[in-house]
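Structure first, then comments.
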Amino acid sequence: MRPLRVWRKLLGLRQTVIEQVDFDESDGELVVAVRPRARERDRCPQCRRRCPGYDRGEGRRRWRALDLGTTLCFLEADAPRVNCKRHGVVVAAVPWARHDAGFTRSFEDQVAWLAVHTSKTAVSELMRIAWRTVGWICERVMAEARAQRDLYANLKRLGVDEISVRKGQRYLTVVIDHDTGRLVWAHPGRDKATVEKFLDLLGKDRCEQIELVSCDMADWITIPIGQRCPNAEVCLDPFHVVKLATDALDDVRREVWNDARKAGQPGLAKELKGARFALWMNPAKLTERHHHKLARVQEINRDLYRAYLICQQLRMIYRVPCEHALELLDAWLKWARRCRLRPFVKLAKTITNQRAGIEAALRHGLSNARTEQMNTQIRLITRRGFGYHSPWAVIALAMLSLGGLCPPLPA
């Protein structure tokens, strides 16, 4: 085998001619002079069309390649510019690197793979690059992978939620596909305009193909979905519905506790305060001690115990078959409306207004649990990287690891 062919195999180069290999003893670097094959020259990096030459650019430049053992390796080649009719004057594409990158394609693929599986600090030390460079490489690799795949094809059941990625109310809106379990889209912000950006990307035809959307009761999600997706049913997440009942129960407990304190009954107030966790817990997980506390609540305050029963009755609608659940929901609404407990009367009005979404979740058995799982994984990515300055770096890593865009290791 000829020596230059061996070097091309070692460096993983395709459509490339190796002209010369030099070793700089002063810097301890290996410099490989290369050029694209004739069919790969003078192409626009955006549309890959052959274009007329414009000038020689800034002369020869270097791209960092994968290390050969402990030795830094660079590819060196001319970087002429071409005049593309669509994209103007741009640097000609090269087969060994992405556009506007100072690293070879295999180098960036390995950095992206490592960033998905370990921390950015470890990647920067191993690959001997700057900490911020890891984030830029991930964004570039993710953008290319997303451009080559249609992530919005055959979307029928979606989950929409928000997640906090930094202090100061910095949120991301995330969209997942319930059928594949993959992250489809993420963008900074949590408002109506953010959801509309995603719907604009889908287009009218694909919006009409959406059948189910799971989310919470936020208007900034439900209103755009209702306006732009005529065939979609909104399924309200059961967790958020039960949480509203738990909050109403805690409001009743707090009112009873304050009344006991104002009436000069500190012992009674202390007992009511200590029963908070017994009232909140799932009945299936109650211990004997919690059962004693609930029995004591039934003795000392009937209103609070009635509020507890109403809360648990709402929880039960998600544990029985759909037909029985709808009957329980009707009975629960009648009970809540005439219970004379202000927080639950208010909750009954809310559930009446949101009843269509609750019934849809019961009929289709759809919740936001998969979306919450995705949010947990995004938090793990953020924690593993010890935080990120840019939300786009978080989105890039999330799409690589959770959107199925992570490139394989070179070769």
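Quickly run through segment 164-219 and pick out the residues that are surrounded by 17 or more Cβ atoms within 10 Å (Cβ to Cβ), acidic (Asp, Glu) and part of a loop (DSSP other than H, G, I, E, B).
The answer is 216, and nothing else.
Would you point out the residue of segment 300-341, among those that are within 26 Å of residue 278 (Cβ to Cβ) and in contact with an Asp or Glu (Cβ under 7 Å, 6 or more places away or on another chain), that is modelled with the lowest pLDDT?
Only one residue fits best here, namely 300.
State which residue is least open to solvent (accessible area, probe 1.4 Å) when the search covers only segment 1-59 and only residues that are without any contact (Cβ under 8 Å) to a residue 40 or more places away in the chain and hydroxyl-bearing (Ser, Thr, Tyr).
My answer is 26.
Is one or more of the residues making up segment 229-238 open to solvent by 70 Å² or more (accessible area, probe 1.4 Å), assigned to a helix (DSSP H, G or I) and either without any contact (Cβ under 8 Å) to a residue 24 or more places away in the chain or in contact with a Leu (Cβ under 6 Å, 6 or more places away or on another chain) (or both)?
The answer is no; no qualifying residue exists.
If you take just the strands (runs of 3 or more DSSP E) that sit entirely in segment 55-146, which of them hold at least 2 residues that are within 28 Å of residue 9 (Cβ to Cβ) and in contact with a strand residue (DSSP E or B) (Cβ under 7 Å, 6 or more places away or on another chain)?
It comes to 60-68, 71-78.
Of the residues in segment 303-336, how many are of a type outside the set (Phe, Trp, Tyr) and in contact (Cβ under 8 Å) with a residue 40 or more places away in the chain?
Count: 9.
Looking at segment 179-190, I want the residues that are within 16 Å of residue 153 (Cα to Cα) and have a partner that is basic (Lys, Arg) and open to solvent by 10 Å² or more (accessible area, probe 1.4 Å) with Cβ atoms under 8 Å, at least 6 apart or on another chain. Which pairs are those?
179/156; 179/157; 181/370
Could you list, in sequence order, all residues of segment 147-163 that are among the aliphatic types (A, V, I, L, M) and open to solvent by less than 50 Å² (accessible area, probe 1.4 Å)?
Those that are among the aliphatic types (A, V, I, L, M) and open to solvent by less than 50 Å² (accessible area, probe 1.4 Å): 151, 153, 155, 158, 160, 163.
Restricting to segment 356-380, give me the number of residues that are open to solvent by 60 Å² or more (accessible area, probe 1.4 Å) and at negative phi.
11
The values are calculated or read from the model by the stated rules, or taken from the named source; none is laboratory data. Keep in mind that this is a model prediction, so the values were computed, not measured. For neighbour counting, all protein chains shown are included, and Cβ atoms are generated from backbone atoms with ideal geometry for every residue, glycine included. Protein only, heavy atoms only, side chains kept; ligands, DNA and RNA dropped before computing areas. Shrake-Rupley method; radii C 1.70, N 1.55, O 1.52, S 1.80 Å.
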